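The values are calculated or read from the model by the stated rules, or taken from the named source; none is laboratory data. From a predicted model like this one, the values you see are computed outputs, not experimental measurements. Counting neighbours? That spans all protein chains shown, and the Cβs are built from the backbone with ideal geometry, glycine included. Just so you know, the surface numbers come from the protein's heavy atoms only, side chains and all, with ligands and any DNA or RNA stripped out. Shrake-Rupley method; radii C 1.70, N 1.55, O 1.52, S 1.80 Å.
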Amino acid sequence: MDHNLTLYNSLNRFKQPFVPIHEGRVGMYVCGPTVYGDAHLGHARPAVTFDILFRYLQHLGYKVRYVRNITDVGHLEHDADDGEDKVAKKARLEQLEPMEVVQLYLNRYHKDMEALNVLSPSIEPHASGHIIEQIEYIKKILDAGYAYESNGSVYFDVPKYNRDHPYGKLSGRNIEDMISATRELDGQEEKHSPLDFALWKKAAPEHIMHWPSPWSEGFPGWHLECSTMGEKYLGETFDIHGGGLDLLFPHHECEIAQSVAAQGHEAVRYWIHNNMITIEGKKMGKSYNNFITLEQFFKGDHPLLEQAYSPMVIRFFILQAHYRSTVDFSNKALQAAEKALLKLTDTYRRLNNLLPAEKSDVQLPDFMKACYEAMDDDLNTPQVIAQLFDASKIINAASAGEIKLSADDISRLRQLFDVFLIDLLGMNLGGETESGSSMKAFEGAVDLLMDIRKNAKAQKDWATSDLIRDKLADLGFDVKDTKNGVEWSIKK
Ligand code: ZN
């Protein structure tokens, strides 16, 4: 594969050329959603980030197997107040089977992802469907001597592991600092060290989701599902493991320890992490009451929102920042993203209506090359967007009759927008979706009015021509007469 893609690897902390293990194929694993509530912005960012990587790798010609798991066994993620498993709690409150809760929120998650134009992964394995594999994985770690059984639960022995292999290499932490920073919590007396983490947990009587195992009726530890399902679907060693930066420690650190303990070597070549999202400068959290779900964004249905924001505005906003930078959501910033996207959409429409001249009277910069260079440089989407805006200036000047573009140059610009804006950034500006076809119908109707107005003007029927212009202005359209005819846009 002839390309220069470099990716920032959290393991070495620098950008390095991407070379897959198997020529022409890429295995990619991304930690997926926990399904006990509606998807919010925290879910949108990793989904969009790894969607871009998925799209780009495929664009470069790789056959990509993209695995994104579904965390549905509840695990150790208890509510701090009552210690109850979150799926189980939801099931009790809503009088549903735990798997009904999982399916309910998974369906909603898929709907949100589709709205954001996030492509489906190749495999979406459920943790609950891989209990047998997880038990086998625990046996391997026990056999290697890096885990112990305690009161029906099994824990990973971090200090013992650390004597043979560095624990903390991904997060850059060392075990002494970690021990001094840990405070003992209730129920930890089963563990030999506060750093030890559960591979299998004996279920308390009120715990609804549990499975038989050699150690107890219980459930697997959270970190285990990713090591197990990564190995099952991508092999003992695979190319890319991704997720949000919040998962780097302890989740991904524990995954590395599990792989080394069970297999004798690490599983992952490139660890890729997207940075976090804040809302109006604050972390998302229960105490701030700022968990805005994607559904609420799409409908404008939250006290913090001044208006609704379409899924494409949310996606565009995420892509305006590099995936390793933090992103702060505010109404102001989202409104700016909406305006910017509208400009690009208008340009894209004008581009498709441009009439070619015999010869261009400007020299077109090599936008394609610049965009490929930006993508190759650790998926620099803000730089791609900047290039598209530079190209927009030329397109808009041509559309206004200020410059001329040849048919070749116009087709080059169309290719630029089709490849980068539509295919790789994944902006859905019309086409196959329902909203896309209604957009097309809408544009066609306005264009028809423009034609009627043109005919009216040709026949000096000023009353009809002015009526159409004024009525459209009342409805919020901006109609301009240009050298090449008429141009319309929606006023913002
Ligand atoms: Zn994971």
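Computed quantities for the displayed model
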item	result
Accessible-area value, Phe219, 1.4 Å probe, nucleic acids and ligands omitted, Å²	0
Assigned charges on the beta-carbon of Lys, Arg, Asp, Glu; the chain dipole about Cα centre (debye)	1580
Which of Ile240, Ser259, Ala333, positive extreme of dipole for segment 239-334 (C-beta unit charges)	Ala333
Other-chain or far-sequence residues with amide H under 5 Å of Phe197's (modelled H)	Phe156, Val158
Distance (nanometres) between label positions extended 7 Å along Cα→Cβ at Asn352 and Gln95	5.0
Cα-Cα P(r), segment 1-46, percent of pairs per 5 Å interval	5, 15, 16, 19, 17, 12, 11, 5, 1
Fraction of antiparallel bridges per DSSP, the chain only, in percent to nearest 5	55
Volume per residue that the Cα convex hull of segment 272-374 spans, once the total is divided by residue count, Å³	140
Carbon + sulfur, % of accessible area of segment 15-69 - ligands and nucleic acids excluded, 1.4 Å	47
Interatomic Cα distance distribution for segment 189-258, bins of 10 angstrom, percent	17, 42, 33, 8, 0
Whichever lysines have a C-alpha closer than 30 Å to that of Lys283, once near sequence neighbours (fewer than 8 apart) are set aside	Lys15, Lys86, Lys89, Lys90, Lys111, Lys169, Lys299, Lys332, Lys339
Å² of accessible area per residue within segment 109-218, as computed with a 1.4 Å probe and no ligands counted	51
Length released on extending from Leu429 to Ser310, taking residue separation times 0.36 nm less the Cα-Cα span	41.7 nm
For segment 356-478: accessible area per residue (Å², 1.4 Å)	54
Rg(Cα) / (2.2 N^0.38 Å) computed for the chain, rounded to two decimals	1.16
Helix axis angle, 381-399 relative to the chain longest principal axis, alpha carbon, degrees	10
Label point distance in nm, Glu373-Arg13, each placed 7 Å from Cα along Cα→Cβ	2.9
Angle between the chain longest axis and helix 331-353 axis [Cα atoms, degrees, rounded to 10]	50
When each of Lys460/Lys491; Lys191/Lys232; Lys393/Lys454; Lys404/Lys457; Lys140/Lys201 is checked by Cα-Cα distance, pairs over 24 Å	Lys460/Lys491; Lys191/Lys232; Lys393/Lys454; Lys404/Lys457
Computed lengthening from Glu280 to Ala144, 0.36 nm per intervening residue step minus Cα-Cα distance	44.2 nm
Sites Gln58 and Asp466 - FRET efficiency at Förster radius 35 Å, r taken between beta-carbons, to 0.05	0.10
Pairwise Cα inverse-distance average, inverted: Kirkwood Rh of segment 316-395 (Å)	14.2
Shape call, segment 1-152: gyration tensor on alpha carbons, a/c limit 1.5	oblate
Helix 407-416 vs. the chain, principal-axis angle (Cα, 0 to 90°, nearest 10)	30
Pairwise label distance in nanometres, Asp301 with Ser180, each label 7 Å out on the Cα-Cβ vector	5.1
Mean projection area, nm², convex hull over Cα of segment 314-448	9.2
Kirkwood hydrodynamic radius over Cα pairs of segment 135-282, then Stokes diffusion coefficient at 20 °C and 1.002 mPa s, in µm²/s	132
Percent carbon-and-sulfur accessible area, segment 259-415, ignoring ligands, DNA and RNA, probe 1.4 Å	49
Sulfur and carbon atoms: percent of accessible area, segment 118-192 [1.4 Å]	47
Label zone at Arg25, where the point sits 7 Å out along the Cα-to-Cβ direction: segment 225-263 residues whose backbone N lies under 12 Å	233-239
